[in-house]
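Here's the structure, in structure tokens; my notes come after.
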Amino acid sequence: MKTVAIIQARMGSTRLPNKMMLHFHGYPVCEWVYRRVQLAKSIDQVVFALPDTKANDVLASYLESIKAAVFRGSESDLVERFYLSAKYFSADQIVRVCGDNPLICASEIDKLVFFFASEPCSYAYNHIPKDNSYPDGLGAEICSMQLLVDIYNKAKTCAQREHLFNT
């Protein structure tokens, strides 16, 4: 089983423009996320899924300069961007990581992947502080490739395709 962490990132934040490239203790936020996700022992590959717009060229260029894998796709159709990214990198299961969580915890990603492997489910999460004492942003979400294919095929409206999971 190939486990691919797909980091969802973009430059177009309205609340904090260019947040992926803002420096946080010496490095851009995107690099913090990349470095921390790479520490997860259960992840086979780390990929950034970016919109294919000109505004995101600077982010793609920076990520490529630090040797991060980058997939570019639709800005408005996040479901398609994730599906095509997962398919391109031959994922069997996908760990979704938000690009604006610079304090994401590799050991929490590992716990999530191990839980997913041991339970009969097609989706699991530990990124929302619900029935746990986690602060928001330490964890992630995981799903099977089959669930992602189902979402890709069944989501029809723009509203359904702009978010991968509604947890």
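Per-structure values
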item	result
Most fluctuating residue given options ASN126, ASN153, ASN101, as computed from a GNM of the chain linking Cα atoms under 10 Å	ASN153
Counted charge near PHE24, where neighbours are those whose Cβ lies closer than 11 Å (Asp, Glu -1; Lys, Arg +1)	-1
Fraction of accessible area attributable to carbon and sulfur, the chain (%, probe 1.4 Å)	53 percent
Surrounding net charge for ILE104, when Lys and Arg each add one and Asp and Glu each subtract one, Cβ distance under 13 Å	-2
Kirkwood-based shape ratio for the range 107-164, expressed as Rg/Rh from alpha carbons	1.03
Mean Cβ count within 10 Å, highest first, over the residues of peptides 50-59, 155-164, 74-83	74-83, 50-59, 155-164
Cα-based Kirkwood hydrodynamic radius, the range 54-108, one decimal, Å	12.9 Å
Charge sum, other residues only, whose C-beta stays under 14 Å from PHE89's C-beta, Lys/Arg counted +1 and Asp/Glu -1	+3
Dimensionless Rg over Rh [the chain; C-alpha; Kirkwood]	0.94
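The values are calculated or read from the model by the stated rules, or taken from the named source; none is laboratory data. These figures come from a predicted structure and were not determined experimentally. All Cβ positions, even for glycine, are placed from backbone atoms using ideal geometry, and neighbour counts span all protein chains on display. Protein only, heavy atoms only, side chains kept; ligands, DNA and RNA dropped before computing areas. Shrake-Rupley method; radii C 1.70, N 1.55, O 1.52, S 1.80 Å.
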